[in-house]
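Input: a single structure, listed below in structure tokens.
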Amino acid sequence: MADKPSIPKGTRDFSPLEMARRNHIFDSIRRIFKVHGFLPIETPAMENLSSLMGKYGDEGDKLLFKVLNSGDFKAKLSPEELAETPAGRLGTLISGKGLRYDLTVPFARFVVQHRNEIVFPFKRYQIQPVWRADRPQRGRYREFYQCDVDVIGSKALLNEFELIQIIDEVFEALGLKVVIKLNNRKVLAGIAEVIGAPERMTDITVAIDKLEKIGQEGVMSELEQKGLSKDSIEKLTPLLLMKGSNLEKLKFLDGMLKDSEIGNEGLSELRSVLTYLETDPVGAELQIDLTLARGLNYYTGSILEVKSAEVAIGSICGGGRYDDLTGIFGLEGVSGVGISFGADRIYDVMLELERFPKKAVLDSSVLFVNFGEEEVKHIIPILGMLRKRGIAAELYPDQAKMKKQMSYANSREIPFVAMLGEQEIKDGVLALKEMESGKQEYLSPEELVERLSSAK
């Protein structure tokens with residue numbers, strides 16, 4: 001008995017309707033990337049494992065999908081190594097490649113590899129799938145698309161301002177209300193410094209990044225397990241509880257970070273970005289979030305995260321400044337900043353809120369009824385005229401009963417049906433029926449083209 005067809009957990013098939021909706025998201029994002037002057041690239045699904053390992057922190061490394069070496073991947077290992085090597089370490093010995101975890105590290109590799117072919121500052125966008133060996137749940141998949149936009153080769157905070165503008169424009173175009181959260185890793189480094197635990201910066205950021213998931217007590221418990229002193233944890237508590245306006249939060253930081261050079265540097269960067277935003281305010285709510293950490297280790301400055309203001313779901317966009325990500329590939333001192341839109345979560349939000357436009361689900365504008373071979377000969381040139389004008393049109397392939405052909409048009413939500421029978425051929429016209437209203441009119445082929453052009 002054949003196995004029942006299935007796909008791996010955390011992955012999905014997409015129907016034509018779903019693809020039409022997804023393409024509405026991708027096209028909206030791509031259009032805004034392009035008008036801001038960003039250029040497209042693509043990178044392979046697989047990267048060398050050495051390019052990926054160690055870039056996402058210990059927790060990120062555990063979520064990498066590793067690809068077994070071709071052939072006898074055990075040949076170079078002794079029986080003792082196979083038996084005694086821990087599973088995590090064994091994976092790196094028998095795998096030389098891995099599926100990309102995000103688009104940022106491959107982008108850094110791309111920049112270093114092609115540095116003599118690109119012009120800095122380099123503004124790129126990339127829309128491709130990524131893979132994470134995570135536990136599947138609502139809004140979290142093992143295969144999902146990211147839509148990334150980055151500027152590399154510039155330290156100017158104008159780039160952060162432009163990225164916030166892009167975030168606002170994308171979600172306005174998609175008809176979604178969002179909250180844009182902003183922080184700075186230098187501020188977090190300053191906080192780690194003033195609570196007496198500068199060497200625990202990574203532990204602190206990884207823990208507070210889970211605040212929404214595990215709550216304040218969970219964060220404090222994790223920090224205690226990591227070895228942070230009770231005194232340091234107590235000093236950190238006001239940060240976890242801090243509420244109020246952006247101005248109140250900045251005043252709080254002024255007091256807390258007064259003796260931290262790096263903290264004040266981050267605070268100055270926060271203020272600079274907010275100053276730019278005063279010249280052209282965004283429509284979305286903008287919050288300084290002192291608990292925003294972005295757990296990935298490569299962030300060094302501004303960090304951003306976007307949440308839906310209407311649906312309870314994880315972040316739908318995020319990113320930040322990375323000052324030396326290319327250094328891991330041998331090109332040091334090249335600063336970059338970027339954001340990534342989570343297309344799959346955005347889709348889930350739009351679906352729940354029923355925000356997809358009607359046109360996003362339509363494909364063909366008109367279906368020609370097939371009355372027989374003689375009529376088809378007259379229809380084919382008209383199909384060509386329509387398609388050359390960019391009007392999606394199709395001819396039912398079989399000479400089936402009218403009811404079946406009309407049912408097909410209805411099920412596909414095709415708005416118009418064109419009929420060219422013996423009498424219409426004699427009169428030099430065709431009948432065009434609007435499916436929603438039932439209204440029928442007679443048009444010449446040229447008039448049909450104009451009629452459907454105006455209905456696009």
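The values are calculated or read from the model by the stated rules, or taken from the named source; none is laboratory data. This is a predicted model, so every value here is computed, not measured. A quick note on method: Cβ atoms are made from the backbone with ideal geometry, for glycine too, and the neighbour counts reach across all protein chains shown. Surface accessibility is based on the protein's heavy atoms, side chains included, excluding ligands, DNA and RNA. Shrake-Rupley method; radii C 1.70, N 1.55, O 1.52, S 1.80 Å.
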Return the total of residues in the stretch 158-177 being closer than 17 Å to residue 304 by Cβ, of a type in the set (A, V, I, L, M, F, W, C) and open to solvent by 10 Å² or more (accessible area, probe 1.4 Å). 3
Take the residues of the stretch 195-215 that are open to solvent by 50 Å² or more (accessible area, probe 1.4 Å) and under 22 Å from residue 263 (Cβ atoms): which is modelled with the lowest pLDDT? 209
The listed residue being within 30 Å of residue 169 (Cβ to Cβ), open to solvent by 50 Å² or more (accessible area, probe 1.4 Å) and modelled with pLDDT of 85 or more, out of 182, 247: 247
Considering every residue within the stretch 207-226, establish whether at least one is touching a residue at least 24 places away in the same chain (Cβ under 8 Å) and β-branched (Val, Ile, Thr). yes
Condition first: in contact with a Leu (Cβ under 6 Å, 6 or more places away or on another chain) and among the hydrophobic types (A, V, I, L, M, F, W, C). Can you find one or more residues in the stretch 419-428 that meet it? yes
Scope the stretch 139-157; condition open to solvent by 40 Å² or more (accessible area, probe 1.4 Å) and of a type in the set (Asp, Glu); matching residues: 143
Tally the residues that are assigned to a helix (DSSP H, G or I) and under 20 Å from residue 134 (Cα atoms), restricting the search to the stretch 18-50. 1
Residue satisfying condition, being within 30 Å of residue 178 (Cα to Cα), in contact with a strand residue (DSSP E or B) (Cβ under 6 Å, 6 or more places away or on another chain) and either charged (D, E, K, R) or at pLDDT below 90 (or both), within set 363, 348, 344: 344
In a strand (DSSP E or B) and touching a Lys or Arg at 6+ places or on another chain (Cβ under 9 Å) - does that describe any residue in the stretch 268-285? yes
Where the second residue is β-branched (Val, Ile, Thr) and in a loop (DSSP other than H, G, I, E, B) and the first is under 17 Å from residue 402 (Cβ atoms) and lies in the stretch 419-435, which pairs have Cβ atoms under 6 Å and are six or more apart or on separate chains? 419/369
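Every residue, every condition in (1) touching an Asp or Glu at 6+ places or on another chain (Cβ under 6 Å); (2) under 30 Å from residue 354 (Cβ atoms); (3) of a type outside the set (Lys, Arg); (4) in a helix (DSSP H, G or I), yes or no:
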site: 108; (1), (2), (3), (4): no, no, yes, yes
site: 118; (1), (2), (3), (4): no, no, yes, no
site: 126; (1), (2), (3), (4): yes, yes, yes, no
site: 135; (1), (2), (3), (4): no, yes, no, no
site: 148; (1), (2), (3), (4): no, yes, yes, no
site: 156; (1), (2), (3), (4): no, no, yes, no
site: 166; (1), (2), (3), (4): no, yes, yes, yes
site: 169; (1), (2), (3), (4): no, yes, yes, yes
site: 186; (1), (2), (3), (4): yes, no, no, yes
Would you confirm, using the coordinates I've provided, whether residue 7 is under 20 Å from residue 136 (Cβ atoms) and β-branched (Val, Ile, Thr)? yes
Report, by residue number, each residue of the stretch 216-229 that is open to solvent by 40 Å² or more (accessible area, probe 1.4 Å) and closer than 20 Å to residue 257 by Cα. 229
Members of the stretch 298-338 that are among the β-branched types (Val, Ile, Thr) and crowded, with 22+ Cβ neighbours inside 10 Å: 303, 306, 316, 326, 334, 337
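Where in the stretch 361-456 are there strands (runs of 3 or more DSSP E), lying wholly inside it, with at least 3 residues that are open to solvent by 20 Å² or more (accessible area, probe 1.4 Å)? Talk me through it step by step, then tell me what you get.
Details: elements: 366-368, 393-395, 416-419, 430-434, 440-443.
Filter on the stretch 361-456 gives 440-443.
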Could you list, in sequence order, the residues of the stretch 267-319 that are charged (D, E, K, R), farther than 25 Å from residue 204 by Cα and either in contact with a Gly (Cβ under 9 Å, 6 or more places away or on another chain) or free of Cβ contacts under 8 Å to residues at least 60 places away in the same chain (or both)? 278
